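Colleague: Once you've had a glance at the structure underneath, I'll fire off some questions.
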Amino acid sequence: MQNRSSYFLLFLLCSVLSLVAQTIGSGIEGIVINNRNEPITNITVQVDPGNYTDITDHNGYFIVDNIPEGNYQIKLQHVAYQTKLIKHVTVTKMRLTSLDTIRLTQKILLSEEFIITADRIEKDPFESSSAINVISQSEITERAAKTSAEALREENGLFVQKTNHGGGSAIIRGLSSNQILILVDGIRLNNSLYRLGNHQYLTTVDNNNIEQIEIVRGPTSTLYGSDAMGGTINLRTRVPEFSSSDFESNFSLLSRYASADDEKTISLRSGLGIDKFSFSAGFSYKDYDDMRRGRNSDYKRIENSTDGIMQSPNAYTAYDFDSKLTYKITEQSSLIAAYQLANQDKVPRYDKYENDDYYVWQYHPQKRQLGYLKYQQSFNSHYIHSFNTTVSFNKQIEGRQTQRHMNSDLQKEKDEAQTLGLTFEAKSILRKHVFIYGTEIYLDKVQSEHFDYDAISGVRTKSTTSRYPDGAKYNSYGFYLQDEYTLFKNLTTTLGGRFSYFDTQFKLIGMDSTLFSNNNSYDQSFSSLTFSLGAVYRMTDYFHINLNFGQAFRAPNLSDISKFGESKGNIFEVPNPDLEPEKMSTIDLGIKINQSSLKIDGSLYYSNIFNLLASADAAFNGSPIILIDSTEFKVKSKQNIGNAYIYGIEGAFRYIYSDHWHIRGNATLTYGQNTTLSEPIGGIPPLFGLFGIQYRHNKYKADLYTRFAAKQDRLSADDMDDPRIPNGGTPPWQTYNFRLNYQISAFLNAQFAVENILDYNYREHGSGMNGPGRNFIISIGITI
């Protein structure tokens, strides 16, 4: 018996050693270069059968080891290079097969094919299961957009409204404002004072400093935490280039004029590269006059302008400054230091003049500052392929100056949120798995003040109450893990999870303590556990089917919990500390076609929302009305008003008929219903879209296109209280537009555009002002 056991153990040991011998030491290695003999990093190397994968390092080196002996084929892929297939590669037992140097050919990219980082993995958007938009720097310039918000208007699934000339707020899948996360270079722009309502935060990021805008439509809370319900917008700013010689420098100037608002913009940029250092800086100055609306319309209810076709007051000025320094410590590590400043002066809130007859209502000061230090490191290891860590400080100042009548007291408010951020992110590659994991910490400190100035004497008096609790703190913490797993050649899945925790401390000063619990002092916390699952099934090399399930949430912030002040129309909001996070679950099905002549991106989604946060009727001191300067204001507060659902369809295409002619279009339909209140969800945009024809020839690019939106008369009770929405809903509209881009020389570019050719008077749903009338735009760009 003992001998039999010994033979069995010996046989088992020999079997195990034989199996190990077949794998350990067996593999394939190689180096990938471009046509300039430079190594290429981040090339995806796929070995079949078995679907073994690796990614090239900064030296262009890859190794796929621990694979059984046999015959294989190797596929090398990168968004910027033509795919290469190497067949009949033989792997022998206990031996590493070294390939000859592999050379890839760079391909000419359309703007839609740029690498994206909005879902924390650099890849071709076509290979992602998410619904993604990518807007390049050249597209931003060609669209002749005044602001970063307006640059989004031609995108599939994105609707943009403007409360005033300095505003611009995106709506994605029926959700807007603080239900959408805005990032700048991967750093949260959202803070604890971001209000639920249309705002101007996007416009504080200078569109002349943006290298690329990346949008992930749909819930992304697993990777990014609170607010990422409708989607995430990542504004990536320009990166200075390193010198290929001892010293290189560049300079650019962009000037622009638009007739509808007498806009005058000038933007200056410079950069230099010296060995391991690169630096860039930019400055933009923008001067806008009152906006002229269109003359022609069949809908008189949107013609409320008190000054004819001029929507006045709307004029304001703005300036932006940015700088970025990059230091290449080694070939595998770098350090980036950046600073951004945005300032808008005396921005009128036009709807307050048009609908409420204010004497003064303007945002002043309006300022944002962001500074950050980012360290990046890559390794020749799969266990930790790369990591980065960022320390940031963001200061957002929003002031208001309001005066109801000429003889009323002038009120000046200023709210400031200072946010200290610390993030860490790492990537590991283990066989068929790509792991992304990290942590985020954001600490907010709030300062808020309110002064009244006597209309006759000018004497200043500090109010006992401010819009937000002065000295409040709001902290957020998050930990996330995502695994992208290549199940087999045609199927890749992505599974992620996140834990988020929030705590806030504040005191409601100057209010009757009997109205609130805890003697008006609060120490609250919220937490959430979210998951997501995505899959890409590759029917063919150019036809993919995507399926996603995602959870999202938004923790109540200080604007929801503690706001005490005027809102839209004659509405006054009061605090409500008894709030719970709103949560959402979404499933979406999408297709992506990426042929040389045809590109299609379509999504169908359905979302359930629980504990929906919105503005609803309330009372203060037992009354539903507050009297201010002899004017009655309706009292409301943020409340969890129940459960709801949203579903919709998004579709876009581009057909390349020939090298010269391109046809493009997109359309988005959204439907939302509050099942608890049996009414529509507020702020849902109507059916909207775009259709256009482009002609490209050498130095010319001409674009004739139309933008349109259907009528929106499905209104919530809160919509009906909003004077920005015409009685009976927002009428349908359509504009015809043309633009021509001419590259005069390698250094000089000119652009001419005509927007709203038929001078149609229209209003985008939820906006506080009408769109521009016939608008002639001329811009000149010089690059040296």
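Colleague: Which whole-number percentage describes the relative contact order of the chain, with Cα contacts under 8 Å and a sequence gap of 6 or more?
Modeller: Working: 2240 pairs, mean separation 76.8, N = 784.
The value is 10 percent.
Colleague: Just how large is the dipole of the chain about the Cα centre, in debye to the nearest 20, putting +1 at every Lys and Arg Cβ and -1 at every Asp and Glu Cβ? Don't skip to the end; give the middle numbers.
Modeller: Details: 77 positive and 86 negative charges, 296 e Å.
Computed about the Cα centre, the dipole is about 1420 debye.
Colleague: Next question, about the same structure. Rounded to the nearest 10 degrees, what's the angle between the helix 2-23 long axis and the longest principal axis of the chain, both from Cα atoms, 0 to 90?
Modeller: Compared with the principal axis, the helix lies near 60 degrees.
Colleague: What residues have an amide H closer than 5 Å to that of Tyr52, excluding those fewer than 5 places away on the same chain, when H is modeled at 1.01 Å from N in the peptide plane?
Modeller: Amide H neighbours of Tyr52, under 5 Å, 5+ apart: Val47.
Colleague: Can you figure out the FRET efficiency of Glu580 with Ser98, using R₀ = 51 Å and their beta-carbon distance, to the nearest 0.05? Please list the in-between numbers first.
Modeller: On the way: r = 60 Å, r/R0 = 1.17.
Working from the Cβ atoms, E equals 0.30.
Colleague: While we're here: Cross-link candidates for Lys328: which lysines have Cα within less than 21 Å, leaving aside residues fewer than 8 places away along the same chain?
Modeller: Cα-Cα hits under 21 Å: Lys276, Lys374, Lys427.
Colleague: Please state the charge dipole magnitude for region 626-767, taken about the Cα centre, from unit charges on C-beta atoms (+1 on K and R, -1 on D and E), reported in debye and rounded to the nearest 20. List each step's numbers first, then the result.
Modeller: Working: 14 positive and 14 negative charges, 129 e Å.
Dipole size: approximately 620 debye.
Colleague: A further question on this structure: Hey, what did region 580-634 get for relative contact order, percent, Cα under 8 Å, at least 6 apart? The partial results should precede the final answer.
Modeller: Details: 62 pairs, mean separation 16.5, N = 55.
After rounding, I find 30 percent.
Colleague: May I ask you to derive the relative contact order of region 538-632, considering only C-alpha pairs under 8 Å and at least 6 residues apart, and to give it as an integer percent?
Modeller: Details: 140 pairs, mean separation 25.1, N = 95.
Computed value for region 538-632: 26 percent relative contact order.
Colleague: I've got another one for you. What is the set of long-range amide H partners of Gly197 at a cut-off below 5 Å, with H atoms built 1.01 Å from backbone N?
Modeller: Here the answer is Asn178, since their amide H atoms fall under 5 Å of that of Gly197.
Colleague: Accessible area per residue, 1.4 Å probe, Å², for the chain: what's the number?
Modeller: Values: 32760 Å² over 784 residues.
Ligands and nucleic acids excluded, the result is 42 Å² per residue.
Colleague: Quick one: net charge of Ala618's neighbours, Cβ under 14 Å, K/R +1, D/E -1?
Modeller: Values: positive: Lys563, Lys634, Lys636, Lys638; negative: Asp560, Glu573, Asp578, Asp617, Asp718, Asp721.
Counting the neighbours of Ala618, the net charge comes to -2.
Colleague: Another question, then. Apply the Karplus curve 6.51 cos²θ - 1.76 cosθ + 1.60, θ = phi - 60°, to the phi angles in region 61-78 and return the couplings in whole Hz, x for Gly and Pro.
Modeller: Per residue, the Karplus-derived 3J(HN,Hα) values read 8, 9, 8, 10, 10, 6, 10, x, 5, x, 9, 9, 10, 10, 10, 10, 10, 7 Hz.
Colleague: To the nearest 500 deg cm²/dmol, what mean residue ellipticity at 222 nm is calculated for the chain from DSSP H runs of n ≥ 4 alone, each contributing -39,500 (n - 2.57), summed and divided by the residues? Don't skip to the end; give the middle numbers.
Modeller: Values: 6 runs with 48 residues, N = 784.
Calculated from helices alone, the mean residue ellipticity at 222 nm is -1500 deg cm²/dmol.
Colleague: Whose amide H sits under 5 Å from the amide H of Ile628, counting only residues 5 or more places off or on another chain, with H placed in the peptide plane?
Modeller: Here the answer is Phe633, since their amide H atoms fall under 5 Å of that of Ile628.
Colleague: Karplus couplings for region 349-365 from phi (6.51 cos²θ - 1.76 cosθ + 1.60, θ = phi - 60°), rounded to Hz, Gly and Pro as x?
Modeller: So the Karplus estimates, Gly and Pro as x, are 8, 4, 5, 6, 7, 5, 9, 10, 6, 6, 7, 9, 7, 8, 7, 6, x Hz.
Colleague: By per-residue mean of other Cβ atoms within 10 Å, what is the highest-first order of 470-483, 758-771? Spell out each step's value before the answer.
Modeller: Numbers: 470-483: 19.4, 758-771: 22.8.
Top to bottom by mean Cβ count within 10 Å: 758-771, 470-483.
Colleague: Over the chain, what percent of the accessible surface lies on carbon and sulfur atoms, probe 1.4 Å?
Modeller: After summing per-atom areas, the C and S share lands at 57 percent.
Colleague: Semi-axes, largest first, in whole Å: what does sqrt of 5 times each Cα gyration tensor eigenvalue give for the chain? Before the final figure, lay out each step's value.
Modeller: Numbers: eigenvalues 466, 204, 127 Å².
Rounded to whole Å, the semi-axes are 48, 32, 25.
Colleague: Which net charge results for the neighbourhood of Gly478, defined as the other residues with beta-carbon distances under 12 angstrom from its beta-carbon, given Lys and Arg at +1 and Asp and Glu at -1?
Modeller: Local net charge: -1.
Colleague: At 0.36 nm per residue, minus the direct Cα-Cα distance, what do Ile397 and Gln734 gain on full extension? Give it in nm, one decimal, please.
Modeller: Values: separation 337, 0.36 × 337 = 121.32 nm, distance 3.66 nm.
Residue separation times 0.36 nm, minus the Cα-Cα distance, leaves 117.7 nm.
Colleague: In whole Hz and in residue order, list the ³J(HN,Hα) couplings for region 218-226 that follow from phi through the Karplus curve 6.51 cos²θ - 1.76 cosθ + 1.60, θ = phi - 60°; x for Gly and Pro.
Modeller: Calculated HN-Hα couplings, in order: x, x, 9, 5, 4, 8, 10, x, 4 Hz.
The values are calculated or read from the model by the stated rules, or taken from the named source; none is laboratory data. Not measured: the values here are computed from a predicted model. Because the Cβ atoms are built from the backbone with ideal geometry, glycine has one as well, and the counts that use them run over all protein chains shown. Ligands, DNA and RNA are stripped out before the accessible areas are found, and what is left, the full protein with its side chains, is counted by its heavy atoms. Shrake-Rupley method; radii C 1.70, N 1.55, O 1.52, S 1.80 Å.
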